[in-house]
1. Hand me the list of helices (runs of 4 or more DSSP H) wholly inside region 30-72 holding 1 or more residues that are within 14 Å of the chain's Cα centre (by Cα), modelled with pLDDT of 95 or more and surrounded by 11 or more Cβ atoms within 10 Å (Cβ to Cβ).
2. I want to confirm something. Restricting to region 89-101 and keeping residues that are in contact (Cβ under 8 Å) with a residue 24 or more places away in the chain and over 19 Å from residue 51 (Cα atoms), which single residue is surrounded by the fewest Cβ atoms within 10 Å (Cβ to Cβ)?
3. Does residue 83 satisfy the condition of being in contact with a strand residue (DSSP E or B) (Cβ under 6 Å, 6 or more places away or on another chain), crowded, with 17+ Cβ neighbours inside 10 Å, in a strand (DSSP E or B) and at pLDDT below 95?
4. Confirm whether residue 97 is in a loop (DSSP other than H, G, I, E, B) and modelled with pLDDT of 95 or more.
5. What are the residues in region 102-118 that are surrounded by fewer than 17 Cβ atoms within 10 Å (Cβ to Cβ), free of Cβ contacts under 8 Å to residues at least 40 places away in the same chain and touching a strand residue (DSSP E or B) at 6+ places or on another chain (Cβ under 9 Å), if any?
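The values are calculated or read from the model by the stated rules, or taken from the named source; none is laboratory data. What you are looking at is a predicted structure, and each value in this text was computed from that prediction instead of being measured. Heads up, the Cβs are rebuilt from the backbone with ideal geometry, glycines too, and the neighbour counts pull from every protein chain shown.
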């Protein structure tokens, strides 16, 4: 198989898997290069959920609107604040994503439908600051989990974390 054919197969596989890493695949067809950028504009391609969206889940009955249910098992972005579930003051691979700083620590925890339990893929450590909001991107599952601070209605296999910036 020619090297460009292998590149095409790799690019298609990455698109199907929804890889969050930045991958640029160049396919040269005569004099016209075609560039496929996997996540140069990831924020525009991956659906963003708000806390209002997540609050739509009735955590007592499990009922949810179809707009939320369609994201179960899919890759999404959720903004929030990190509450570490590990004893490390600089970087963590498992944490709670919550709508406001220090939720669950010195105040009563938010309801379960306002907490996302995140475990970073492959144990990747991400830096955090209690007071700095982030975008967490990953595969969201609507399932109840229990941890040392609270119960959560959502679990995310984290793919990436980046500083929060509002869309312009």
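1. Values: elements: 42-45, 51-55, 66-69.
Helices (runs of 4 or more DSSP H) meeting the threshold: 51-55.
2. Taking region 89-101 first, the residues in contact (Cβ under 8 Å) with a residue 24 or more places away in the chain are 90-97, 99, 101.
Cutting the leftovers down to over 19 Å from residue 51 (Cα atoms) gives us 90-94.
On the way: 90: 9, 91: 13, 92: 22, 93: 18, 94: 15.
Of everything passing the filter in region 89-101, 90 is surrounded by the fewest Cβ atoms within 10 Å (Cβ to Cβ).
3. Numbers: in contact with a strand residue (DSSP E or B) (Cβ under 6 Å, 6 or more places away or on another chain): yes; crowded, with 17+ Cβ neighbours inside 10 Å: yes; in a strand (DSSP E or B): yes; at pLDDT below 95: yes.
Yes; evaluated as a whole, the condition is true for this residue.
4. On the way: in a loop (DSSP other than H, G, I, E, B): no; modelled with pLDDT of 95 or more: yes.
Judged against the criteria, residue 97 is not a match.
5. Of the residues in region 102-118, the ones surrounded by fewer than 17 Cβ atoms within 10 Å (Cβ to Cβ) are 102, 105-108, 111.
Narrowing further to those that are free of Cβ contacts under 8 Å to residues at least 40 places away in the same chain: 102, 106-108.
Matches in region 102-118: 102 only.
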